[in-house]
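See below for the structure under consideration.
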Amino acid sequence: MSIWIFFKIIGSLALLIYGMKVMSEALQKMAGSQLRHILAAMTTNRFTGMLTGMFVTCAVQSSSATTVMTVSFVNAGLLTLAQAISVIMGANIGTTLTAWVMSLGYNVDLTCVVYPAFFIGIMLIYSKRKRYIGDFLFGIAFLFFSLVLLSTAGKELDLEHNSSVIEFFSSFDTGSHITIIIFLLIGTLITCIVQSSAAVMAITILLCSTGVLPIYLGIALVMGENIGTTATANLAALGANSQARRAALAHLVFNLIGVIWVLCLFYPFVDFVCSTVGYDPNDHSLSTAQLAKRLPIVLAAFHTFFNVTNTFVLIWFIPQIEKLVCRIIKPSSNEVEEEFRLRYIGGNTIMKTPELSVLEAQKEITSFAERIQRMFSFVRELLATTNDNDFAKLYARIEKYENISDSMEIEIAKYLNMVSDAHLSDDTKAKIRAMLREITEIESIGDSCYNIARTINRKMSGKEDFTEKQYEHLHQMFELTDDSLTQMNVLLAGRKVNYDVNRSFNIENEINNYRNQLKNQNINDINDHAYTYAMGTMYMDIVSECEKLGDYVVNVVEARMGTRNI
């Protein structure tokens, strides 16, 4: 094989990968945030999730882009694991369009399209408004041009008359499952290395179209490419939380199960696919020109049949796949119930009434408030922790909860603003205004918890410590503060007609009175040299922050009680 032909092939493959990348990125930029909103919203059940994954992948021409995006949404808590699995299944169907585009490149002279696309694309790239369309045209032109170059290089190789190549592939027994598995592993390995299933598909089509690679072995390479393409999402999920890693693993499990059952029915399944496109694998009378036209279509058809069938078989077993990946990847102790996840809102709001949307938002706010009280319980635990290692872990946990509370406030507010765009009654508008105030105050409670933790951390970093009386007073203040949070959560979780608002006001008065008492006592204790001024300052910082926290709790209660019964 001439060295120049070799460079032409690897250069064509590089151009193919680059064209796919440019085209995919341009489409994602044109879609903007809408693509992310579609992916996050249109996943109300396994079937809409599957269709969403399919259409998004067809649009961006990259199952890896869809899968990585899905994994990132799971990491952010915007998608559940079950929703992510359905989207990934759809992405596997959507990616089959790429194989059909490539088979078109081997059956139609695309040069008449490529050069005008380059010319129009370069003009649009220099236009601010249309530059993404120009990028897309350049990407698709590169893609088609690479296919033309690969087809030309394949003819120049003249593999059909190369006896050593023919003998090499003829030495493999196409009727043996061991041979099929070997080529499947080769396809997997190559795809993992080049990180592009499109490039492997192009190589397979090139070899099969020359007639030297039997269709059974070509299909084995395509099956391996389905497994290898999962490496991208798994690499992207390495630094993510356990749910995101499970979503990436589910992609691998889904494709592995598909490959296993197809291997069990390999020859009947392949023969059935070949018969649907009018090709007989045992017919050796076809010329090279006929094979060049038929085999790319056979490979594209198999890719489609395999992924569609696998999806429609396994879509009913999403809960079982979810349980399997959860057993394999267990969350770390710090991740248990600490991942940011919207439990009730999200999904498609088009078919929901404003009343239902408001009810879901109220449930989410209740979940938010419960999480914040859990954060305060960690703060109480932090004050009593003396071991440096345990202290560092608990403090990191509180920091994580602070980030979660910020994210939850933003996401709930976005949802409520989206609901408020609809035609609403005055009563529903009032409910939404009250809920926006509630989430602001709950997030402020989270800020107070974090501020207390920071003060305790400063104390832990110094050489001095609180006195036994100071600890006793702080624990008493924490007890009152926790009581106020408990009453707030009782109100948010129940019906306000059954709630006596005076309970919250009474606790708030107790907190204020106790704060004043401790403030006066602190001045006397410093004057009596019971502890230093610095320790007294940190001590009162914690007490004052508890009093602020109590004010935020009363604000939540007032916001909740100020609207009619939800």
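What order do Cys449, Cys192 take when sorted by accessible area (1.4 Å probe), most exposed first?
In descending accessible area the options line up as Cys192, Cys449.
Can you give the Kirkwood hydrodynamic radius for region 510-554, in Å, rounded to one decimal and based on Cα pairs?
Computed over region 510-554, the radius equals 10.9 Å.
Test of understanding: what is the full-extension gain from Asn509 to Phe272, defined as 0.36 nm times their sequence separation minus their Cα-Cα distance?
On the way: separation 237, 0.36 × 237 = 85.32 nm, distance 7.88 nm.
Here the answer is 77.4 nm.
Heavy atoms of the protein only, probe of 1.4 Å, neighbouring chains included. What is the accessible area of Leu394 in Å², nearest 10?
10
Can you compute the FRET efficiency between Asp426 and Glu558 using 1/(1 + (r/R0)^6), with r the Cβ-Cβ distance and R0 = 25 Å? Round to the nearest 0.05. Display every interim value, and only then the final one.
Details: r = 20 Å, r/R0 = 0.78.
Using R0 = 25 Å, I get an efficiency of 0.80.
Taking 0.36 nm per intervening residue step and subtracting the Cα-Cα distance, what contour gain separates Asn417 from Asn45 on full extension?
131.5 nm
Between Trp316 and Glu464, how high is the FRET efficiency from 1/(1 + (r/R0)^6) when r is the Cβ-Cβ distance and R₀ = 56 Å? Nearest 0.05.
Approximately 0.30, to the nearest 0.05.
For Leu79, which sequence-distant residues (separation of 5 or more, or a different chain) have an amide H within less than 5 Å of its own amide H, given hydrogens modelled in the peptide plane?
Distant-sequence amide H within range of Leu79: Val74.
To the nearest 10 square angstrom, what accessible area does Arg246 show with a 1.4 Å probe?
Approximately 20 Å² for this residue.
Sorted by accessible area with a 1.4 angstrom probe, largest first, how do Glu545, Glu322 fall?
The most accessible residue leads, giving Glu322, Glu545.
Give, as ranges by residue number, the residues of region 295-312 whose backbone N falls under 20 Å from the point 7 Å along Cα→Cβ of Ile186.
Only 295-300, 302-303 pass the distance filter.
Quick one: what are the phi-derived ³J(HN,Hα) couplings along region 309-324, Karplus 6.51/-1.76/1.60 with θ = phi - 60°, whole Hz, x for glycine and proline?
Each residue's phi maps through the Karplus curve to give 5, 4, 5, 6, 7, 8, 5, 7, 10, 4, x, 5, 5, 4, 5, 4 Hz.
If you take the beta carbon distance between Arg131 and Asn527 as r and set R0 to 51 Å, what does 1/(1 + (r/R0)^6) give as a FRET efficiency, to the nearest 0.05?
The formula returns an efficiency of 0.10 here.
Could you compute the net charge surrounding Gln521? Neighbours are other residues with a C-beta less than 13 Å from the C-beta of Gln521; K and R count +1, D and E count -1.
Every neighbour counted, the sum reads 0.
Can you give the extra length, in nm with one decimal, that the chain gains between Lys519 and Thr486 once fully stretched, where that is 0.36 nm per residue apart less the Cα-Cα distance? Before the final figure, lay out the partial values.
Details: separation 33, 0.36 × 33 = 11.88 nm, distance 2.53 nm.
Stretched out fully, the Lys519 to Thr486 stretch lengthens by 9.3 nm.
Taking a 31 Å limit on the Cα-Cα distance, which of the listed pairs Lys323/Lys393; Lys393/Lys548; Lys21/Lys323; Lys363/Lys459 fall beyond it?
From the list (Lys323/Lys393; Lys393/Lys548; Lys21/Lys323; Lys363/Lys459), the Cα-Cα distance tops 31 Å for Lys21/Lys323; Lys363/Lys459.
State, to one decimal in nm, how far the label point of Tyr18 lies from the label point of Ser176, with both points 7 Å from Cα in the Cβ direction.
Computed distance between label sites Tyr18 and Ser176 equals 4.1 nm.
Once label points are set 7 Å from the Cα along Cα→Cβ at both Leu324 and Thr537, what is their separation, rounded to one decimal in nm?
6.0
Could you check the spin-label model distance between Trp100 and Ile120? Points 7 Å from the Cα along Cα→Cβ, value in nm.
Going from the Trp100 label point to the Ile120 one covers 2.1 nm.
So how do Trp261, Trp316, Trp4 rank on accessible area, 1.4 Å probe, biggest first, that is with the largest at the start?
So the residues, ranked largest to smallest area, are Trp4, Trp316, Trp261.
The values are calculated or read from the model by the stated rules, or taken from the named source; none is laboratory data. Predicted model only: the values in this text are computed from it and were never measured. No Cβ is skipped: glycine too gets one built from the backbone with ideal geometry, and neighbour counts run over all protein chains shown. Each accessible area value is taken on the protein alone, full model and side chains, heavy atoms only, with ligands, DNA and RNA left out. Shrake-Rupley method; radii C 1.70, N 1.55, O 1.52, S 1.80 Å.
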